[in-house]
Amino acid sequence: MSDKSSSNAMWGGRFASGPDAIMEAINASIDFDKRMASQDIEASRAHAAMLAKQGIITNSDADAIREGLLTVLSEIEGGTFKYSRALEDIHMNVESRLKEIIGEPAGRLHTGRSRNDQVANDFKMWVRDQFDAAIQGIDALTAALLDQAEAGADMVMPGFTHLQVAQPVTWGHHMLAYVEMLARDKSRMIDARARMNECVLGAAALAGTSFPLDREMTAAALGFDRPSANSLDSVSDRDFALDFLSAASICATHLSRFAEELVIWSTVQFNFVILSDRFSTGSSIMPQKKNPDAAELIRAKVARINGSLVGLLTVMKGLPLAYSKDMQEDKEQVFDAADSLMLALAAMAGMVADMTPNKPVLEIAAATGFSTATDLADWLVRALNMPFRDAHHVTGALVKMAEDGGVDLPDLTLAQMQTECPEITEAVFEVLGVHNSVASRTSYGGTAPENVRKQIARWRKEIG
Ligand code: ARG
């Protein structure tokens, strides 16, 4: 084997000189792919056990390899492992250290395997853990939202369209809207995780191998459902990472929308919600300030995640089969997106658990801006059998009358209302109150407190 200083220690045979320093800088991935160390070692241990069971290497070599790999893992976990850029990546770093520890048998580990299937498999295992972590994070946030929904099942607040007052809704219903979004996020993660759970090891460089591997065995040992069916596809597929990034982007989009609402709601002008000190920051110059920084950062994190999705899509487009080194650029994007998503989920869960809806302010706001105009129009239809379009017109005139008088709809007198429509009776005032308004919206999916309570019970059962 060639000298380490003049060529690569692992494949130096063909090379007369080592790489240029710039080549090493652009080529080495160890600075980031060391995050996959435990996956790399777990997969190598499974591969070695399978090689021995198939009689491709001896049991004693496999034992030495499997033991040695545990030593490497403990060095990595203990922080004593010396990473080398000259060894490019986590795969070569681990194997080289294994050789130092156990000697000759280490060289047999790479039988029937290539870094191409190795890296794809390690990365899959890493991403698979992120699906699980995201699902956990979503569950925790959902639980916090359900607590908020329960506490405010019949708390009224304005519902908006165009950020203009539309109709009163309940706080619980608003919280449950995000529960629905998160449930879809979770199901996307579950779908993608199931789709990607095929073991790549054994695809080797691109064409498979002539060694009699038992790919079922390796797959089972590593928690995969089955081995992947096409070696070319196996080493060139990064769909699992794209699936993760797209599910993460959509989830982060939901978090960002909610964060935007919290930013607006926590202003002095809205004052709908009080965020806890634990999830707010102060200003270095303005002593009165309490800023919703966590919400703002959650609102922004989606940018990085979307960026990663577009970044990896762009890396992958136009790559011929099978492996190309371009694909090494997959990891940092996914690492960063996963970190961002987990942090955003955790911060949102903390913020939601701690926040207090400002009930009296919400109640007043719910009744402001002629929010029960639709209830009035519906009453005219129901009580007077008026066609809805006519009812809409009469109600519009009454809203104008109230607006001109500087009052809200329930403040108009019956006599005033009767100038627009003589058939209106005292009973109309029933529907002009916001609590009656929300209580009446019992259609499936509507905002009525009784609906909200049913939905909370359903979600609690689902989440367990
Ligand atoms: N560090 C590489 C990556 O992340 C490992 C695979 C290298 N394969 C190769 N044929 N050079 O993709």
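Contact map, region 106-125: first residue near the ligand (Cβ under 9 Å from one of its atoms) and part of a helix (DSSP H, G or I), second residue open to solvent by 20 Å² or more (accessible area, probe 1.4 Å) and small (Gly, Ala, Ser), Cβ cut-off under 9 Å, separation 6 or more or different chains; pairs are ARG115/ALA205; ASN116/ALA205. When the helices (runs of 4 or more DSSP H) confined to region 9-59 are screened for residues that are touching a Leu at 6+ places or on another chain (Cβ under 8 Å), those reaching at least 1 such residues are found at 30-33, 37-53.
Do you know which residues across region 400-428 are surrounded by 17 or more Cβ atoms within 10 Å (Cβ to Cβ) and not charged (D, E, K, R)?
Narrowing region 400-428 to residues surrounded by 17 or more Cβ atoms within 10 Å (Cβ to Cβ): 402, 408-409, 412, 417, 421, 424, 428.
Hits for region 400-428 are ALA402, LEU409, LEU412, MET417, CYS421, ILE424, VAL428.
Across region 318-366, the number of residues qualifying as more than 23 Å from MET36 (Cβ to Cβ) and under 24 Å from the mean Cα position of the chain (by Cα) comes to 9. Within region 27-44, being of a type in the set (S, T, N, Q), within 13 Å of the ligand (Cβ to nearest atom) and buried (at least 18 other Cβ atoms within 10 Å of the Cβ) holds for SER29, GLN39. Scanning region 164-190 for residues that are touching a residue at least 40 places away in the same chain (Cβ under 8 Å), within 21 Å of ASN271 (Cβ to Cβ) and open to solvent by 10 Å² or more (accessible area, probe 1.4 Å) turns up GLN164, VAL165, ALA166, GLN167, VAL169, HIS173, TYR178. Selection of region 353-386 for residues being open to solvent by 30 Å² or more (accessible area, probe 1.4 Å) and part of a strand (DSSP E or B) yields only THR356. Just to check your reading of the model, which residue among LEU87, LEU51, LEU73 is buried (at least 18 other Cβ atoms within 10 Å of the Cβ) and either within 16 Å of the ligand (Cβ to nearest atom) or modelled with pLDDT under 95 (or both)? It is LEU87. Is at least one residue of region 323-337 assigned to a helix (DSSP H, G or I), away from the ligand (no atom under 16 Å from the Cβ) and either in contact (Cβ under 8 Å) with a residue 40 or more places away in the chain or in contact with a Pro (Cβ under 8 Å, 6 or more places away or on another chain) (or both)? Checking region 323-337: at least one residue is assigned to a helix (DSSP H, G or I), away from the ligand (no atom under 16 Å from the Cβ) and either in contact (Cβ under 8 Å) with a residue 40 or more places away in the chain or in contact with a Pro (Cβ under 8 Å, 6 or more places away or on another chain) (or both).
The rows are residues; the columns are (1) closer than 18 Å to ALA221 by Cβ; (2) without any contact (Cβ under 8 Å) to a residue 24 or more places away in the chain.
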| residue | (1), (2) |
| --- | --- |
| GLY18 | no, no |
| ALA48 | yes, no |
| LYS53 | yes, no |
| GLY79 | no, yes |
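The values are calculated or read from the model by the stated rules, or taken from the named source; none is laboratory data. Note that this is a predicted model, so its numbers are computed, not measured. Virtual Cβ from ideal backbone geometry, glycine too; neighbours counted across all protein chains shown. Keep in mind that these areas ignore ligands, DNA and RNA; they rest on the heavy atoms of the full protein, side chains included. Shrake-Rupley method; radii C 1.70, N 1.55, O 1.52, S 1.80 Å.
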